[in-house]
1. At His106 and Asp7, where each label point lies 7 Å from the Cα along Cα→Cβ, what is the point-to-point distance in nanometres?
2. Report, in degrees rounded to the nearest 10, the 0 to 90 angle that the Cα long axis of helix 8-22 makes with the longest principal axis of the chain.
3. Which angle between 0 and 90 degrees, to the nearest 10, do you get for helix 71-87 versus the longest principal axis of the chain when only C-alpha atoms count?
4. Pick from Gln86, Gln74, Gln96: which is most flexible by mean-square fluctuation in a GNM of the chain where alpha carbon atoms under 10 Å apart are linked?
5. Taking the simple approach of a point 7 Å from Cα along Cα-to-Cβ for both Glu67 and Ile116, what is their distance in nm?
6. When the scattering of the chain is computed by the Debye formula from its Cα atoms alone, each counted once and equally, what is log10 I(q)/I(0) at q = 0.11 Å⁻¹?
7. Report for the chain the percent antiparallel among DSSP-assigned beta bridges with both residues inside it, nearest 5.
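A short reminder: the numbers here are calculations on the coordinates, not readings from a lab. Note that the structure is predicted; figures quoted are calculated from it, not measured. Glycine also receives a Cβ, built like all others from the backbone with ideal geometry; neighbour counts cover every protein chain displayed.
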Amino acid sequence: MAAKRSDVGAWGEAVAARYLVQRGFTIRDRNWRYGHGELDIVAQRDADIIFVEVRTRRSDAFGTPEESVGLRKQAKLIETARAYLQAHGLDDTQWQIDVIAVEMDHRNAVTRLDHIECAISQT
């Protein structure tokens with residue numbers, strides 16, 4: 001049975017988390033919230049913190065998943081990532097924001113998964 005439209009994002013996040021774990025990342029948090037911001041996945045690789053924005057689509061009618069991370073969303077991700085670091089005493093830790101773009105068919109089979117490292121500049 002296909003997932004409901006509202007479940008597509010959660011399904012994509014689960015796929016992305018599995019992908020990261022299979023590649024040696026540790027998942028620290030999922031869906032961490034600060035104010036109006038949310039971090040889909042907070043991962044760690046060695047001593048580095050990786051904030052991962054997951055974008056999932058079933059079609060490209062409104063653009064690709066990665067194209068949906070506009071400037072406003074990027075600014076919110078940076079703000080929320082900095083709040084996470086401060087809240088966890090990690091101010092001096094190396095960090096980056098990645099995007100994982102997931103495309104699925106109507107049966108929720110992944111047709112494309114792209115991991116874009118350092119997708120969002122911290123400045």
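1. So the two model labels end up 1.7 nm from each other.
2. 60 degrees
3. 50 degrees
4. Among Gln86, Gln74, Gln96, the largest mean-square fluctuation in the Gaussian network model of the chain belongs to Gln86.
5. Output for this residue pair reads 1.1 nm.
6. Once normalised to I(0) and log-transformed, intensities are -0.36.
7. Details: 19 of 29 bridges.
Just about 65 percent of them are antiparallel.
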